[in-house]
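All remarks here apply to the structure that follows.
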Amino acid sequence: MISRIVKLCFSCPVHFGEGLLESSGQTFCADTLFSALCHEALLCEGESGLRAFVTDAQNGAFRISDAFPFIGTEYYLPKPVTTVQSNAESSDASAGKQFKKLRFLPVTALRSYLNGELSVEECAEYNRNMQALGQVFLQTNVRVPDDPEQDADPY
C-alpha cells in the first residue's frame with residue numbers, strides 16, 4: 001500500500017474537541033476525520049457516493065490515521081508510552097518537568113528519545129514549539145433576537 005502524508009492547513013479557526021467545548025487539543029482522531037470525509041462524500045456525491053466511500057474503507061482501499069501536528073517540514077508524533085532512562089546530565093528538577101511535559105516530539109528525534117539521548121535543551125525546545133502551534137481561546141457569541149422583548153442568548 002502506498003503511504004501518503006496529507007497536511008491539513010486551516011484558513012480559519014478550528015476546534016479539535018476533547019470532550020467539552022471549553023477544552024481543545026492539537027490533534028484529532030482518525031474516526032473524526034473519517035466521519036468528516038463521509039459527510040463531504042454525502043454532500044458532494046449523494047448516498048451512492050457515501051456508500052462507495054464506506055465500501056472502499058471496509059475493503060481496505062485506504063486507511064486513515066490520527067492527525068498529528070507538524071511545523072513546516074517537521075512532523076511530530078506522540079511521546080511513546082514507555083519508560084526511558086535518560087542520559088541527560090542534570091540534577092535540576094525543572095529538567096524532569098520538561099520531559100514529563102513533553103507530549104509530542106519530532107520524528108527525527110524519536111530514536112534519540114528512545115535511546116535516552118535526548119537533551120534537556122532539545123526537550124524544552126520541542127515543548128516551546130508545541131506551545132507556539134496554534135492558539136487556544138474561548139469565544140462567546142451572542143444571538144440578538146429580532147424581537148426587542150426577548151433576551152439575547154449566548155452560544
_Members of region 100-119 that are buried (at least 18 other Cβ atoms within 10 Å of the Cβ) and in a helix (DSSP H, G or I)_ = Ala109, Tyr113
_Leading residue by the ranking (farthest from Gln131 (Cα to Cα)) among those in region 1-42 that are modelled with pLDDT of 85 or more and in contact with a Leu (Cβ under 9 Å, 6 or more places away or on another chain)_ = Leu42
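Could you list all residues from region 124-150 that are assigned to a loop (DSSP other than H, G, I, E, B) and at pLDDT below 80? Steps first, please.
First pass over region 124-150, keeping only residues assigned to a loop (DSSP other than H, G, I, E, B): 133-141, 144-150.
The answer is Leu133, Gly134, Gln135, Val136, Phe137, Leu138, Gln139, Thr140, Asn141.
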*For region 55-86, which residues satisfy the criterion of being basic (Lys, Arg) and surrounded by fewer than 13 Cβ atoms within 10 Å (Cβ to Cβ)?*
Arg63
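The values are calculated or read from the model by the stated rules, or taken from the named source; none is laboratory data. As the structure is a prediction and not an experimental result, all values here were calculated from the model. Glycine gets a Cβ as well: all are built from the backbone with ideal geometry, and neighbour counts include every protein chain shown.
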